[in-house]
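Notes for the one structure printed next.
What follows is calculated from the coordinates using simple rules that are stated; it is not laboratory data. None of the values given here were measured: they were computed from a predicted structure. Neighbour counts run over all protein chains shown; Cβ positions are idealised from the backbone, glycine included.
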Amino acid sequence: MQGTLTHKILEQHLVSGTLRSGQEIQIRIDQTLTQDATGTMAYLQFEALGVPRVRTELSVSYVDHNTLQVSFENADDHRYLQTVAAKYGIYFSRPGNGICHQVHLERFGIPGKTLLGADSHTPTAGGLGMIGIGAGGLDVAVAMAGLPFTLLAPRVVRVWLRGALPPWVGAKDVILEVLRRLTVKGGVGKVLEYAGPGVATLSVPERATITNMGAEVGATTSLFPSDEQTRAFLAAQGRQEVWQPLAAETNAEYEEELDLDLSALEPLVAKPHSPDAVVPVAEVAGTPVDQVCIGSCTNSSLRDLMTVAAILRGKHIHPRVSLTISPGSRQVLTMIARNGALADLVAAGARILESACGPCIGMGQAPVTDAVSVRSFNRNFLGRSGTRSAGVYLAGPEVCAVAALTGELTDPRALGAAPRVDLPERFDLDDSMILPPAADPESVEIVRGPNIRPVPTRGPLADEIEMSVLLKVGDNVTTDDILPAGAKVLLLRSNIPAISEFVFSGIDPGFAARAREQGGGFIVGGENYGQGSSREHAALAPMYLGIQAVLARSFARIHQANLVNFGILPLLITAEDYARLEPGDRLRLEGLRETVRSGEPIIVQNLTRDFAFTATPRLSPHQVEVLLAGGVLNYVRQQVRKA
């Protein structure tokens with residue numbers, strides 16, 4: 001990765017290790033962000049570390065997920081987050097101020113800095129030339145305490161962009177094409193670094209759309225250079241002083257390369273139920289559409305909504321279609337209200353939702369039974385919309401807007417000339433919904449509602465475990481599959497005993513009860529186990545239910561880290577052994593502490609079927625120590641005592 005922009009930024013933040021692909025490194029984190037679905041637990045964990053104040057350059061707590069406040073739990077979480085932020089030196093973005101990634105891009109992102117976020121779409125910041133990495137809330141809590149973030153040095157893939165996007169083709173089509181080529185697991189352990197003459201044709205909001213959905217490729221992060229487009233965006237946000245030019249060296253060394261001719265792209269969609277099921281929209285044209293949702297951290301910028309308003313102006317949506325619009329930030333909402341675009345959207349029949357994640361995270365707007373829903377979001381996993389029988393198509397705002405007009409999936413190029421939208425020279429600036437930390441933190445009382453429970457932990461890794469396989473699942477199991485989102489579940493994120501009742505509820509409704517009855521056990525998974533959201537609750541709640549190990553063919557990066565963080569052993573198994581294992585099999589693992597420390601394969605005895613096989617704990621040296629301690633909280637407390 002020598003000479004790459006990734007290498008340059010990581011080198012400036014390197015605390016320990018060697019910048020060689022696959023080697024464990026530790027980097028200094030400049031900024032952190034949390035959102036309310038992950039934040040309450042992250043700050044409870046931060047409090048448990050006993051640090052009096054955050055030690056980052058900047059930490060921001062956003063409220064953008066659980067904003068329906070259907071009962072007291074969400075409201076109590078928000079009050080806790082506001083008081084804990086005031087006390088510990090954290091900025092607090094109030095409900096209604098916008099989606100964390102959109103607001104952070106507008107008001108806080110800085111080229112060349114590092115950002116660790118308790119949300120998998122933190123790489124959105126890469127649109128500004130910033131290394132943004134998604135992680136579990138516990139990793140973010142540790143970073144806020146001033147400790148470095150540990151990861152494996154990634155392979156750097158140069159994505160060479162040439163040409164310019166043709167009419168009716170947008171940034172969403174760029175990342176959908178990348179997904180089509182690489183699949184949802186093709187970016188694991190990698191950084192997608194964009195370069196080439198085509199980069200200069202893309203604005204920062206367009207770049208942010210591309211880096212945002214790099215998370216769906218499984219990439220550690222995605223990164224654009226900081227250039228004149230970056231300077232213009234920051235100047236329009238009144239933050240030109242933080243700009244600096246950043247780019248890779250001309251002789252930079254990349255492990256892989258991907259060539260993309262922007263001028264050759266066409267409007268694309270991802271079919272149900274995976275972001276990499278990508279086809280040209282022309283291939284599915286004519287499919288009747290029941291719902292269109294535009295927004296999310298992927299496509300809710302001023303540019304996106306101005307484009308939609310231009311397409312809908314003077315027209316009305318199809319009678320069958322329900323159209324919702326979620327502005328990405330209060331800034332975006334204010335500006336479309338002032339320039340008339342909001343009136344165009346409302347006149348066309350759009351329903352305007354608040355500036356929040358909303359339908360993307362399953363908070364409202366569940367489509368009708370057996371619906372086709374077209375969304376400008378980043379994920380279309382089965383059931384994530386709130387309606388398990390619905391089929392969700394992912395598309396850019398152009399395709400979404402045209403589908404709302406015609407009532408079916410339509411190639412937008414059939415409509416003639418495409419609308420042209422230019423970004424303003426100056427955005428409306430009003431940070432009154434971002435509350436700074438208290439000047440007198442000692443006077444702040446942290447308020448905890450009755451739903452906010454202490455963080456559960458477990459003891460050190462046992463040397464011998466004998467338990468049964470509680471569940472066997474297939475490939476690409478998501479964190480939504482492990483622990484669903486949505487209004488019924490998200491309000492319990494601060495209460496692990498309560499939320500644990502929903503573990504695997506969409507796959508096996510009896511899982512939680514069976515885990516309690518048997519005192520825990522094992523899970524067997526296929527490839528890319530734990531893809532999707534960074535939600536650490538998909539590891540924390542299974543840990544609470546007594547899950548000791550997950551035996552899978554491969555793991556998604558963030559979820560494997562979360563399993564280790566909470567003392568669950570992630571073990572790699574072969575396809576043959578995966579095929580031989582069945583629910584109910586009694587397994588015995590012996591000599592665990594020594595084999596985990598040595599990195600040698602663990603011999604697993606299948607007592608039910610009378611055979612043995614090996615499972616490999618592919619862990620970094622740091623992860624070994626964390627796992628032996630029984631999780632990060634135990635490990636950090638040990639380090640503090642030693643110090």
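Mind grabbing the base-10 log of I(q)/I(0) for segment 465-642 at q = 0.17, 0.20 Å⁻¹? Debye formula, identical points on the C-alpha positions, no solvent, two decimal places. For segment 465-642 at q = 0.17, 0.20 Å⁻¹, log10 I(q)/I(0) is -1.06, -1.46.
Binning the C-alpha pair distances of the chain at 20 Å intervals from 0 yields a P(r) profile of 20, 56, 23, 1 %, listed from the shortest bin outward. You can think of it this way: the chain between ALA75 and GLU517 has 155.8 nm of extra reach, that is 0.36 nm per residue less the Cα-Cα gap. Packing-based ranking of 423-430, 232-239, 383-390, 593-600 yields 383-390, 232-239, 593-600, 423-430, ordered from highest to lowest mean Cβ neighbour count within 10 Å. Close Lys pairs in the chain, defined as Cα atoms under 29 Å apart and 8 or more places apart or on different chains, number 21. Extension gain, GLN638 to ASP259: 0.36 nm times the residue separation minus the Cα-Cα distance gives 131.7 nm. What you get for segment 268-415, charging only the Cβ of Lys and Arg (+1) and of Asp and Glu (-1), is a dipole of about 300 debye around the Cα centre.
Diffusion of segment 5-264 by Stokes-Einstein, at 4 °C in a medium of 1.567 mPa s and with Rh set to the Kirkwood radius over alpha-carbon pairs, works out to 70 µm²/s. Computed over segment 268-415, relative contact order equals 36 percent, with contacts defined as Cα pairs under 8 Å that lie 6+ residues apart.
Between GLN605 and ARG53, the simple label model (points 7 Å from Cα in the Cβ direction) yields a spacing of 5.7 nm.
Over the chain, what is the relative contact order in percent, taking alpha-carbon pairs closer than 8 angstrom and at least six residues apart?
RCO, the chain: 14 percent.
How high is the relative contact order of segment 75-144, given as a whole-number percent (alpha carbon pairs under 8 Å, six or more residues apart)?
Worked out over segment 75-144, it gives 22 percent.
Using the average count of surrounding beta-carbon atoms within 10 Å as a protection proxy, the listed peptides 256-264, 392-400, 333-341, 190-198 rank, highest first, as 392-400, 190-198, 333-341, 256-264.
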